[in-house]
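Structure, as structure tokens:
The values are calculated or read from the model by the stated rules, or taken from the named source; none is laboratory data. Everything quoted here is computed from the prediction, not taken from an experiment. Don't worry about glycine lacking a Cβ; one is built from the backbone with ideal geometry, like all the others, and counts go over all protein chains shown. Side chains are part of the model used for accessible areas, which takes the heavy atoms of the whole protein and leaves out ligands, DNA and RNA. Shrake-Rupley method; radii C 1.70, N 1.55, O 1.52, S 1.80 Å.
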Amino acid sequence: MYAKALTILQAQDRMLPVLKGPPVQCALCGRVFDRITPGHLKTHEQYLRSKRGVKWFRPKPERKEENDDAEAHFSPDNEHEPSPWKSRPETFMETYQRLFGSKDRLTACIKKLFDLYQPHRGKWLLMDKPVLPMYATWYQVSDNDPAFKPNRLCVSILKEHLTLKCTVGVFSKSQYETHFLSWDIDAMRLYDNPLWDAALEARRAATAISELLRKWGLHPHIIISGRKGYHVTVYFRRGVSIKIAMQLFQAVLQHREGPQIGTGLKVECLPIQRGNKLPLGINWSAERYCGFVDPYTLDPIANPYEYLLNIVPDDPTVLYEIEDEGLSQRQHKRKRKRTVILEKSWSEDQTEAAFKLGVIAPSTRHDTLVRVAAYIRNTPSLCPDSLAEFIDVLISWSRKQYEQHRENIGTTWTEHMRDVHRVAKYAWTHPLTSGVPRVIKVTAAIVHWIRGQTTVLAEQQVMFAAWFQMSNVGGCFHLGYEQVRDMTHLAKDSLDRAMKGLRDKGILVVQEEYFNGRDGIFPSKTRKYCFGNPPGKSSHQAVLLILTKEQWDPTLWFRLLVSLFTKEQLKNWYPFAYHRICRVEPILLGRSTA
């Protein structure tokens, strides 16, 4: 039914190497390994011992012997009571994972699934690989079931799920609240109606639900269910009551812009009505891989594990701020063709929707073009290095729109080309973010990358400020003298030596020279730089610090050094400045909200 969904063999060949991921960089020393091992962490024993916490656990209840007296089994006085909580010191691996994230991509995905779903550990679903697809069946496992070992949902079970050996389903941890809500869309084939396209109707229903949820300020994520439809899932930062979750589910189905429920299309509420299958597994009945798809185009995502690690749960308070006139009953309303009207905002969701969906409604060509230009300009992976290349990207996108959505465009190609040049020139110099600050995430890999480029403290401070500028605007960035001085609080002589040293070493490469417009008619411009060896991405490490432009502090580099390294290390590396570095407050590691 879904030609784009991977088969079992395709998923094993393509997804398992992606799950293994690239080499992992140690957050403490910067060395690269296939995975972080306890043996390597012993080399950082002094630092990890100073950060060690307490691990709380409850011992498993002891099983009663079969030869016990019958009276002992049924006496209420001898009924087993839960064991009290006990504590032990954390291992080095537990301390490292709490502070800096997981040791590899597989462990990071397992932890992310536990964080997002908050499942019931003593009640879950299991589907093993069957002999034939027709015999694929769900089994409910409980913690008092001796047929399964382990009978509690644990890391080893999710490891087998992600490595495609079995499939796991979960229930909510509490019977009164849930951390996620899924719309299970099932489209069935109608043999008496040859015009019914089950796959198309399932796509329409998933698109309608996701558009409505985005309109209300939520961020839905769509997963292929394997055979008959999709799962549209919303994750919450805190648990919401079952009553509120059911009201949200019903509001989507009763909205006039929601899915058209009828014969052949069924939508269920998970996990309220039944257990929910975890993503990134196999549907053994359909023999298909159930991965994430793009929420706008419904195309499978090439790296679903990276997508999973980047999911940010929604704040439940958004549910109480929904205001929509279309929440009334729609039984008596005349069915009409649904159109999508872009809101007058420059949010990330709106610009991404314009880039991926295109001109999907009449009289929206110019607004869509401006949003696409804003999205490309503010996305570092898409933003080109020059204005000419930026115009070429917009022309390529426009050509695709004239081929696919010509009925919604009334402007000639010549006039549209003039508009492309005008919009490109404006968007290139104006970020078009409507005052929404860009959020910058700092990891330990960035600190090690800066320290690996230079050992001079002033040059490291300038590099950190330059990296922050690059993260805000893209690959190339303007870096003014007074601007860097305000960001670092360096003296003039120290700043001059640091900037010259970074240019001489090839760390900062000048793209455009400084222009003084005092005597001419053109305005002055600062130098434009780029990094000669830009940093790579490290998705396994936890975020140490989340920044916006308003939250920048000149002491941030010192705080990062104090948080990651011991005083002895800082004294060896910076013998004349370590006393100033150690004077600042360290960052509270392990408490990031990202």
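What number of residues within region 224-236 satisfy the criterion of being over 18 Å from Ile272 (Cα atoms) and under 20 Å from the mean Cα position of the chain (by Cα)? Number satisfying all stated conditions: 1.
For region 409-436, the candidate set comprises residues that are polar (S, T, N, Q) and outside any helix (DSSP H, G or I); within that set, the residue that is modelled with the lowest pLDDT is Ser434. Taken over region 1-16, the criterion of being open to solvent by 80 Å² or more (accessible area, probe 1.4 Å) and either modelled with pLDDT of 85 or more or more than 29 Å from Gly291 (Cβ to Cβ) (or both) is satisfied by Leu9, Asp13, Arg14. Restricting region 129-147 to residues that are more than 18 Å from Thr7 (Cβ to Cβ) and open to solvent by less than 50 Å² (accessible area, probe 1.4 Å) leaves a set whose member that is modelled with the lowest pLDDT is Asp145.
For region 473-493, the set of residues classified as touching a helix residue (DSSP H, G or I) at 6+ places or on another chain (Cβ under 7 Å), touching a residue at least 60 places away in the same chain (Cβ under 8 Å) and not β-branched (Val, Ile, Thr) consists of Met487 only. Here Val155 clears all of (1) farther than 26 Å from His255 by Cβ; (2) touching a residue at least 60 places away in the same chain (Cβ under 8 Å); (3) touching a helix residue (DSSP H, G or I) at 6+ places or on another chain (Cβ under 7 Å) except the condition numbered (2). Looking across region 111-152, just one residue is among the hydroxyl-bearing types (Ser, Thr, Tyr) and under 30 Å from Val312 (Cβ atoms), and that is Tyr117.
Give the residue, chosen from Tyr96, Tyr117, that is open to solvent by less than 100 Å² (accessible area, probe 1.4 Å) and modelled with pLDDT of 90 or more. Among Tyr96, Tyr117, only Tyr117 is open to solvent by less than 100 Å² (accessible area, probe 1.4 Å) and modelled with pLDDT of 90 or more.
Conditions (1) at pLDDT below 90; (2) farther than 30 Å from Tyr305 by Cα, marked per residue:
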| site | (1), (2) |
| --- | --- |
| Thr526 | yes, yes |
| Tyr529 | yes, yes |
| Gln541 | yes, no |
| Thr548 | yes, no |
| Trp573 | no, yes |
| Pro586 | yes, yes |
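Contact map, region 176-205: residues that are without any contact (Cβ under 8 Å) to a residue 40 or more places away in the chain and within 27 Å of Ile272 (Cβ to Cβ) paired with residues that are open to solvent by 80 Å² or more (accessible area, probe 1.4 Å) and among the hydrophobic types (A, V, I, L, M, F, W, C), Cβ distance under 7 Å, separation 6+ or inter-chain. No pairs are found.
Candidates in region 173-209 are the residues that are among the aliphatic types (A, V, I, L, M) and part of a loop (DSSP other than H, G, I, E, B); of these, the one that is nearest to Ala136 (Cα to Cα) is Met188. For region 309-316, the count of residues that are at pLDDT below 85 and surrounded by 14 or more Cβ atoms within 10 Å (Cβ to Cβ) is zero. Of the helices (runs of 4 or more DSSP H) lying entirely inside region 1-60, the ones with 2 or more residues being hydroxyl-bearing (Ser, Thr, Tyr) are found at 45-50. Say whether the condition of being in contact with a helix residue (DSSP H, G or I) (Cβ under 6 Å, 6 or more places away or on another chain) and part of a loop (DSSP other than H, G, I, E, B) is met by at least one residue in region 235-242. Checked against the condition, which is being in contact with a helix residue (DSSP H, G or I) (Cβ under 6 Å, 6 or more places away or on another chain) and part of a loop (DSSP other than H, G, I, E, B), region 235-242 yields no hits at all. Please work out which residue is surrounded by the fewest Cβ atoms within 10 Å (Cβ to Cβ), limiting yourself to region 205-216 and to residues that are in contact with a strand residue (DSSP E or B) (Cβ under 8 Å, 6 or more places away or on another chain) and among the small types (Gly, Ala, Ser). Among residues in region 205-216 that are in contact with a strand residue (DSSP E or B) (Cβ under 8 Å, 6 or more places away or on another chain) and among the small types (Gly, Ala, Ser), the one surrounded by the fewest Cβ atoms within 10 Å (Cβ to Cβ) is Ser210.
For every residue, the table says whether it meets (1) part of a loop (DSSP other than H, G, I, E, B); (2) under 28 Å from Ile209 (Cβ atoms); (3) open to solvent by 50 Å² or more (accessible area, probe 1.4 Å); (4) aliphatic (A, V, I, L, M).
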residue	(1), (2), (3), (4)
Lys149	yes, no, yes, no
Ser156	no, no, yes, no
Val168	no, yes, no, yes
Phe171	no, yes, no, no
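The requirement of being at pLDDT below 80 and charged (D, E, K, R) is fulfilled somewhere in region 437-447, by at least one residue.
When every residue of region 247-260 is checked against the conditions, at least one turns out to be assigned by the TED database to the domain that holds Phe292, more than 15 Å from Ala208 (Cα to Cα) and either out of contact with any helix residue (DSSP H, G or I) (no Cβ under 6 Å at 6 or more places or on another chain) or open to solvent by less than 30 Å² (accessible area, probe 1.4 Å) (or both).
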